[in-house]
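Data first, discussion second: the structure below is written as structure tokens.
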Amino acid sequence: MMKIVIADPIAPAGIQALKAAGFDVIELFASQELSLLECLQEAEALIVRSETQVTQELINQAPRLKVIGRAGVGIDNIDLNAATESGIVVMNTPTGNTIATAELTLSHILCNSRPFSQAVSSMKAGRWDRKNFSGSELFKKHLGILGLGRIGTEVAKRAQAFGMHVLAHDPFLTEERAKSLGITLSTFDELLEKSDYITVHMPLVDGTHHMIDEAAITKMKHGVRLFNCARGGILKESALIEGLQSGKIASAGLDVYEDEPLAEDHPLRQFENITLTPHLGASTQEAQESVGLEIADNICQLLKNGVIVSAINMPSVDARTLDFLHPYLTLGSRLGTLIQQIAADQAVEKLVLTYWGKITEQDTLPLTRAIQRGYLLNISGANNVNDVNAPTKLKHLGIETEVTQSSKDADYTELIQIQALCKEGEHLIAGTLFGKTHTPRVVKLGTRAIEVSPQGQLLLMENNDAPGMVGFMGSVLGDDQVNIANMSLSRDIQGGTALTVYEIDNPPSDNALEKIAQHPDISSVQLVTLEPTP
């Protein structure tokens, strides 16, 4: 029974879903006796929220771990590089807290437009200070949204309901999409200059760290209002404090901070014109149940069906796409293993992958990963490489990967071609699927058309096109108790050079290989080993 460790509390419905699916679930957060390191020794999955720090040391102590699930969006507490190096899928729940975070953002915006919390405190203190709590309307104001993903889009819809004009800056947002949402697509500087309110809904990456700093605030309107319910560190807190002190910033609302929890003596706590909440973006009953069920379902899909959803460090593949891609992934992996062995005695610098046909209508990233994994199979070992860490391992070897989707005519309606570029030259192979059974076949080696089943033991031989070669090979292999299952021969011209690939049931001995290599008409012979067909 596969074991799942839940380190931080998630909704009971999510825990029950995992148990109902037949997993051995360890609720570590409810135990004072068990240690995380001890539990991870035999765990296939780990579920965390923001409290547990998943470090490289922790990952190194989890030899069977296949997936780390974050019940939430941010993965700041997970060492993504270490997980990827170890071949562990890291996934989150990007949709579960969308509405909750959008509504919290609007709450901050509303409370900064009308001094609601201050008025409540005044009333509870026994006062009636109507004149001291004048506010501003949202109607016809300009709201600038940095990042128009799921949450940003929901914020925009709600702001439009208040009659606000919405501007958005997002490098991935198209003009057509913006128009369909009734939003003005803006540059970063245009948004800063025109907005009365600015809210951040981007991930924290190198390009967004301190995106709102002193220089950005200088370009804003006097009296601007700033909001961050996304990730701490996007808005530079020292710059915000300076803007609040100078009056450039009229007010602000924060749910996330550069360092959490926020220090008791932090300067932000001193301002009356700022609303602060303790990272409550997903803190609704509905959101908690939603993310708990979502992460449970995602992990079930991966461990039981191989379906990857909402992964951070590899492409997500739904069940229908996975079913369509399955035979291509098998073919791609075999081709990767084959070309690595063909080019094993040379320093490969780049793999150029070219796809033709229906496969180009799908996301080809899973196929690329399968080829990379196949290439590394004999280098790293089957237990040390998978679709998650294959790209990283290739980079460590100094091998680039270039992918092209071709619309040019080819000899086959669907084709996968791999070129291994070396200083000494290049090696090329291509493969396709035959018939309704999607049988994988190698159809090209170098410049030669050929038809070979990419499985088991293959003996590749180049020789002068001379009489008696087939008989010689049959004799040598027969004497060595090696059975020939199939043979494919290709020659350039009569009497020229021939390429023959023998599909054999078992590998020949060193003596037999040496005898073949010593034949005066044989220029090269190589044994390659591929995975057998299941």
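How would you order 485-493, 453-461 from highest to lowest mean count of nearby Cβ atoms within 10 Å? Could the numbers behind the result be given before it?
Details: 485-493: 14.1, 453-461: 20.0.
Order by mean packing, descending: 453-461, 485-493.
Nearest 500 deg cm²/dmol is fine: what mean residue ellipticity at 222 nm does the chain get from its DSSP H runs of n ≥ 4 alone, each adding -39,500 (n - 2.57), divided by its residue count? Working shown, then result.
Values: 17 runs with 172 residues, N = 534.
Only helices count here, giving -9500 deg cm²/dmol.
Among the GluC sites (Glu not before Pro) within the range 404-492, which fall in a DSSP loop and have no more than 13 other Cβ atoms within 10 Å of their own Cβ? Walk me through the intermediate numbers first.
Values: sites: E414, E424, E426, E451, E462; in loops: E414, E424.
Within the range 404-492, the qualifying GluC sites (Glu not before Pro) (loop, at most 13 other Cβ atoms within 10 Å) are E424.
Taking all pairs of different Cα atoms in the range 98-276, averaging 1/r and flipping that mean, what Kirkwood radius in angstroms comes out? Could you put the intermediate results ahead of the total?
On the way: mean 1/r = 0.0603 Å⁻¹.
Over the range 98-276, the inverse of the mean reciprocal pair distance is 16.6 Å.
Assuming 0.36 nm per residue, please report the length gained on full extension of the stretch A161 to N132 beyond their Cα-Cα distance.
Numbers: separation 29, 0.36 × 29 = 10.44 nm, distance 2.78 nm.
Length gained between A161 and N132: 7.7 nm.
Give a quick list of chymotrypsin sites (Phe, Trp or Tyr not before Pro) in the range 58-139 that DSSP marks as loop, anything other than H, G, I, E or B, with at most 14 other Cβ atoms within 10 Å.
Qualifying residues, ordered by number: W128, F133, F139.
Mind listing the phi-derived Karplus ³J(HN,Hα) values for the range 253-262, rounded to whole Hz, using 6.51, -1.76 and 1.60 with θ = phi - 60°, and x for any glycine or proline?
x, 10, 10, 10, 9, 4, 10, 10, x, 5
Quick one: which residues, 5+ away or cross-chain, put their amide H under 5 Å from the amide H of F434? H built at 1.01 Å from N.
Residues meeting the amide H criterion: T439, R441.
Go through the range 139-169 and name the trypsin sites (Lys or Arg not before Pro) that are in a DSSP coil and have 11 or fewer other Cβ atoms within 10 Å of their Cβ. Provide the component values of the computation, followed by the final result.
Working: sites: K140, K141, R150, K157, R158; in loops: K140, K141.
Sites meeting the loop and neighbour criteria: K140.
Per residue of the range 97-109, what does 6.51 cos²θ - 1.76 cosθ + 1.60 with θ = phi - 60° give for ³J(HN,Hα)? Whole Hz please, x for Gly and Pro, Karplus curve as stated.
Rounded to whole hertz, the list is 10, 4, 5, 4, 5, 4, 5, 5, 4, 5, 4, 5, 4.
Once the other residues with Cβ under 12 Å from the Cβ of L421 are scored (Lys, Arg +1; Asp, Glu -1), what is the net sum? Display every interim value, and only then the final one.
Values: positive: K350, K423; negative: E349, E400, E402, E424, E426.
Taking every Cβ under 12 Å from that of L421, the sum is -3.
For the range 455-534, what D do you get in µm² per second when you plug the Kirkwood radius from alpha-carbon pairs into Stokes-Einstein at 37 °C and 0.692 mPa s? Could you put the intermediate results ahead of the total?
Working: Rh = 12.8 Å.
After rounding, the answer is 256 µm²/s.
Take each of the peptides 27-39, 518-530, average the number of other beta-carbon atoms within 10 Å over its residues, and list them starting from the highest.
Numbers: 27-39: 13.3, 518-530: 15.4.
Result, highest mean first: 518-530, 27-39.
By DSSP, what percent of the beta bridges with both residues in the chain are antiparallel, rounded to the nearest 5? Don't skip to the end; give the middle numbers.
Values: 48 of 93 bridges.
Around 50 percent of the beta bridges assigned by DSSP in the chain are antiparallel ones.
Per-residue counts of other Cβ atoms within 10 Å, averaged by peptide: what ranking do you get for 170-180, 239-249, 73-83, highest first?
Details: 170-180: 12.5, 239-249: 17.4, 73-83: 19.0.
Order by mean packing, descending: 73-83, 239-249, 170-180.
Would the range 315-453 count as rounded, prolate or oblate if I go by the C-alpha gyration tensor, calling it rounded below 1.5 in a/c and otherwise prolate when a/b exceeds b/c, oblate otherwise?
Values: a/c = 1.61, a/b = 1.15, b/c = 1.40.
Oblate, since a/c reaches 1.5 and b/c is not below a/b.
Can you give the extra length, in nm with one decimal, that the chain gains between K436 and A20 once fully stretched, where that is 0.36 nm per residue apart less the Cα-Cα distance? Intermediate values should be presented prior to the final figure.
Working: separation 416, 0.36 × 416 = 149.76 nm, distance 3.72 nm.
Result for the pair: 146.0 nm of gain on full extension.
Could you calculate the FRET efficiency of S121 with Q245 from 1/(1 + (r/R0)^6), where r is the beta carbon distance between them and R0 is 22 Å, rounded to 0.05? Don't jump to the answer; show the numbers that get you there.
On the way: r = 22 Å, r/R0 = 1.01.
Calculated value: 0.50.
Around G232, which amide H atoms from residues at least 5 apart in sequence, or from another chain, sit under 5 Å from its own amide H, with H modelled in the peptide plane?
Under 5 Å from the amide H of G232: Y257.
Once you wrap a convex hull around the alpha carbon atoms of the chain, what is its projected area averaged over all directions, in nm²? All intermediate terms of the calculation are to be shown ahead of the outcome.
On the way: hull surface 129.1 nm².
Taking a quarter of the hull surface, the average projection is 32.3 nm².
Among F172, S136, V224, whose Cα projects farthest towards the positive end of the dipole of the range 98-276, with charges put on the beta-carbon of Lys, Arg (+1) and Asp, Glu (-1)?
After comparing all options, I get S136.
Stokes-Einstein D for the range 166-243 at 25 °C, 0.890 mPa s, Kirkwood Rh over Cα pairs, in µm²/s? Walk me through the numbers before you get to the answer.
On the way: Rh = 13.1 Å.
It diffuses with D of about 188 µm²/s by this estimate.
Along the range 110-122, what does the Karplus equation 6.51 cos²θ - 1.76 cosθ + 1.60 (θ = phi - 60°) give for ³J(HN,Hα), rounded to whole Hz, x for Gly and Pro?
Those phi angles translate into 5, 6, 8, 8, 10, x, 5, 5, 5, 5, 4, 4, 5 Hz.
Largest first and to the nearest Å, give the Cα extent of the range 225-364 along each principal axis.
That works out to 69, 41, 27 Å along the principal axes.
Restricting to the range 315-453, compute how many DSSP beta bridges are antiparallel as a %, nearest 5. Display every interim value, and only then the final one.
Details: 24 of 30 bridges.
Looking only at bridges with both residues in the range 315-453, the antiparallel portion is about 80 percent.
No lab work stands behind these numbers, since they all come straight from the coordinates. These numbers were taken from a predicted model, which means no experiment stands behind them. Backbone-built Cβ (ideal geometry, glycine too); neighbour counts: all protein chains shown.
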